[in-house]
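The values are calculated or read from the model by the stated rules, or taken from the named source; none is laboratory data. Note that the structure is a prediction, hence the values are computed from the model and not measured. Note that we place each Cβ from the backbone using ideal geometry, even for glycine, and neighbour counts take in every protein chain shown.
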Amino acid sequence: MEMTQTPEFDAVVVGAGHNGLTCAGYLACSGLKVLVLERRSAVGGLSTDYEFFPGYHASLPNSPGSLEPKVVADLELAKHGLEFVRPDPSLVVPFPDGRAMVAWRDPEATAREIAKFSERDVRGYGAMFEYLNAFAERLGISIFEPPPSLRELTARLETPADEEAFARVFLGSLKDLLDDWLESEELKSTIAAISVTSNLIGPYAPGSAALLMMRPLSMASSAADAGHDPRKQYLRGSTGLPVGGMGAVTRAMRRAVEARGSVVQVDAGVRAIVTEGKQVRGVELEDGSFIASEIVASNLHPRTTLLDLLDTGVLGDDLEGKMKSLPVRGSAFKMALALDGLPTFAAAPKGLGQAYAGCQFRLAPGLDYMERAYDDAKYGRPSADPIILGLIPSVMDPAMAPAGKHIMSCNIWHAPVTLAQGSWDTERDRFGNRCIDLIAEYMPDLQKPHH
């Protein structure tokens, strides 16, 4: 392996997931020639388009809820083919009593929905998010800059009110924060469902409120140029759904990288990041070839990057030991259903069946429900009553399924990676059928598939 070759690329990015492509896009925008190497035959990572069944397409994530407007603008993704459709309503949260909380794009329509559950909460939910927005402004943290240390962060807490907000948001529980501002359990659960899913945690746990700061910190970091900033919609600030599914986002990112003279290479797995002393020299591919570069960025899991791709000893014993003990606590379960027709929510008013079915839905009807779902997973059991976040993308984008058919894409929590008993080989179908039963409680015409 020759390590003295002249670098053809200024930087190499290992992995073409959405984070790797974003990194490559910004490096290319700065004038560097970048090579992106992807082991699989398609870009996108989690946001790859999957054909779950012949003709039925979806992705692992259902929506680009955390796609920064600044990234879309800076990488000119619209110019490279990214389009959105904007279902209205954008969110439906049904409850066992037959009612539903519905987020419309018109704030006044959403307020009327909240008022069905609590007149007081119409003011309370807006006041709570403005409280979080104001706190994010006072912290002065940009998500586009290196994160501050804890010492630097706490030094920005200038008043007793700042210290109280820090304690409530970063040290307190999601339940306590919501109880402070709201009285409707339905509204609390609608908000909480997005904060207790991407990690293995329940709404009663200290620190569980912190994820509610994602959008306030985003808005404090950059203002959207568009007249309408979806991040300001409290219940569901939806940018819309990408035409072609989430894979369309990363396909546009690839085109943006390549349009700036950089290269994205698929079917190119990286075996090692090659170093000499403490200096990166390039990467070795699985076919044995070497690509020289003094800048290597990785989109892979930190453990994979730092333990599997680097030689032993490069990190130092302390960091290497910490990486080896880094826990793996994933709890997500993916389910895709091929549907013969369009199921409808029992809560949908007459004439709105398709509108309700065409937006995102959350099945998590209470804070206690979410805490019990976490309790099961905490002890290594698949949740008996899991949290389900779903979408039927083929309603707004018929190309995602065969003509006249539909696909339902569900992200489900909590399903612990390591089970106390049994294995996912046997539990997968049992858990999946339980999830179908739960959805059918709200969509009665959804039928369990027969084997």
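Out of curiosity, is Tyr379 over 26 Å from Arg86 (Cα atoms), within 20 Å of the chain's Cα centre (by Cα) and not assigned by TED's automatic domain parsing to the domain that holds Lys175?
Against the criterion (over 26 Å from Arg86 (Cα atoms), within 20 Å of the chain's Cα centre (by Cα) and not assigned by TED's automatic domain parsing to the domain that holds Lys175), Tyr379 does not qualify.
Could you tell me which of the residues Ser66, Ser30 is at pLDDT 95 or above and surrounded by fewer than 16 Cβ atoms within 10 Å (Cβ to Cβ)? Before you say what the answer is, go through the steps one by one.
On the way: Ser66 fails: at pLDDT 95 or above.
Residue meeting the stated conditions: Ser30.
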Query raised in the report: What number of residues in the stretch 121-167 are of a type in the set (D, E, K, R), within 29 Å of Val71 (Cα to Cα) and surrounded by 11 or more Cβ atoms within 10 Å (Cβ to Cβ)?
Result: 4
Report summary line: Here the qualifying pairs (Cβ atoms under 7 Å; residues six or more apart or on different chains; first in the stretch 428-446 and in contact (Cβ under 8 Å) with a residue 12 or more places away in the chain and within 24 Å of Gly98 (Cα to Cα); second among the hydroxyl-bearing types (Ser, Thr, Tyr) and surrounded by 14 or more Cβ atoms within 10 Å (Cβ to Cβ)) come out as Met443/Thr344; Asp445/Thr344
**Report entry** Selection from the stretch 405-427 of residues that are assigned to a helix (DSSP H, G or I) and in contact (Cβ under 8 Å) with a residue 40 or more places away in the chain
**Finding:** Glu427
Query raised in the report: Would a scan of the stretch 16-23 turn up a residue that is of a type in the set (Val, Ile, Thr), touching a helix residue (DSSP H, G or I) at 6+ places or on another chain (Cβ under 9 Å) and either within 22 Å of Gly282 (Cα to Cα) or modelled with pLDDT of 95 or more (or both)?
Result: yes
Report task. Working only within the stretch 104-120, note down all residues that are outside any helix (DSSP H, G or I) and either surrounded by fewer than 15 Cβ atoms within 10 Å (Cβ to Cβ) or modelled with pLDDT of 95 or more (or both). Result -> Asp106, Lys116, Phe117, Ser118
Query raised in the report: If you go through the stretch 41-50 one residue at a time, do you hit one that is closer than 30 Å to Thr275 by Cα, in a strand (DSSP E or B), in contact with a strand residue (DSSP E or B) (Cβ under 8 Å, 6 or more places away or on another chain) and in contact (Cβ under 8 Å) with a residue 24 or more places away in the chain?
Result: yes
Query raised in the report: Which of the residues that make up the stretch 372-387 are outside any loop (DSSP other than H, G, I, E, B), surrounded by 21 or more Cβ atoms within 10 Å (Cβ to Cβ) and not aliphatic (A, V, I, L, M)?
Result: Tyr374
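Which of the residues spanning the stretch 349-368 are touching a residue at least 24 places away in the same chain (Cβ under 8 Å) and either surrounded by fewer than 21 Cβ atoms within 10 Å (Cβ to Cβ) or under 21 Å from Val243 (Cα atoms) (or both)?
So in the stretch 349-368, the residues touching a residue at least 24 places away in the same chain (Cβ under 8 Å) come out as 354-367.
Of everything in the stretch 349-368, those that are touching a residue at least 24 places away in the same chain (Cβ under 8 Å) and either surrounded by fewer than 21 Cβ atoms within 10 Å (Cβ to Cβ) or under 21 Å from Val243 (Cα atoms) (or both) turn out to be Gln354, Ala355, Tyr356, Ala357, Gly358, Cys359, Gln360, Phe361, Gly366.
From the list Gly55, Gly44, which residue is within 23 Å of Phe333 (Cα to Cα), surrounded by 18 or more Cβ atoms within 10 Å (Cβ to Cβ) and of a type in the set (Gly, Ala, Ser)? Please lay out each step first, then the result.
On the way: Gly55 fails: surrounded by 18 or more Cβ atoms within 10 Å (Cβ to Cβ).
Going through Gly55, Gly44 in turn, the sole match is Gly44.
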Query - From the options Phe9, Phe84, residue that is over 30 Å from Ser184 (Cβ atoms) and within 20 Å of the chain's Cα centre (by Cα) - result: Phe84
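Among the residues in the stretch 404-424, are any farther than 22 Å from Glu185 by Cβ and either touching a His at 6+ places or on another chain (Cβ under 6 Å) or among the acidic types (Asp, Glu) (or both)? Even if it seems obvious, please write down each step before you answer.
Filtering the stretch 404-424 down to residues farther than 22 Å from Glu185 by Cβ leaves 404-411, 415-424.
Next, only the ones that are either touching a His at 6+ places or on another chain (Cβ under 6 Å) or among the acidic types (Asp, Glu) (or both) stay: none.
Looking for residues that are farther than 22 Å from Glu185 by Cβ and either touching a His at 6+ places or on another chain (Cβ under 6 Å) or among the acidic types (Asp, Glu) (or both), one finds none in the stretch 404-424, hence no.
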Query raised in the report: Of the numbered conditions (1) surrounded by fewer than 20 Cβ atoms within 10 Å (Cβ to Cβ); (2) within 27 Å of the chain's Cα centre (by Cα), Gly261 satisfies every one except a single condition; which is it?
Result: (2)
Report summary line: Taking the stretch 262-276 and keeping only residues that are in a loop (DSSP other than H, G, I, E, B) and either free of Cβ contacts under 8 Å to residues at least 40 places away in the same chain or over 12 Å from Val12 (Cβ atoms) (or both), one is left with Val266, Asp267, Gly269
Requested in this report: Tell me, yes or no, whether the stretch 209-228 has at least one residue that is among the charged types (D, E, K, R), surrounded by 15 or more Cβ atoms within 10 Å (Cβ to Cβ) and at pLDDT 95 or above.
Outcome: no
Report summary line: Among the residues of the stretch 90-130, the number that are basic (Lys, Arg) and either touching a residue at least 12 places away in the same chain (Cβ under 8 Å) or in contact with a strand residue (DSSP E or B) (Cβ under 7 Å, 6 or more places away or on another chain) (or both) is 4
Query raised in the report: Is it fair to say Gly17 is of a type outside the set (A, V, I, L, M, F, W, C), buried (at least 19 other Cβ atoms within 10 Å of the Cβ), in the same structural domain as Ala297 (by TED's automatic domain parsing) and within 25 Å of Cys410 (Cα to Cα)?
Result: yes
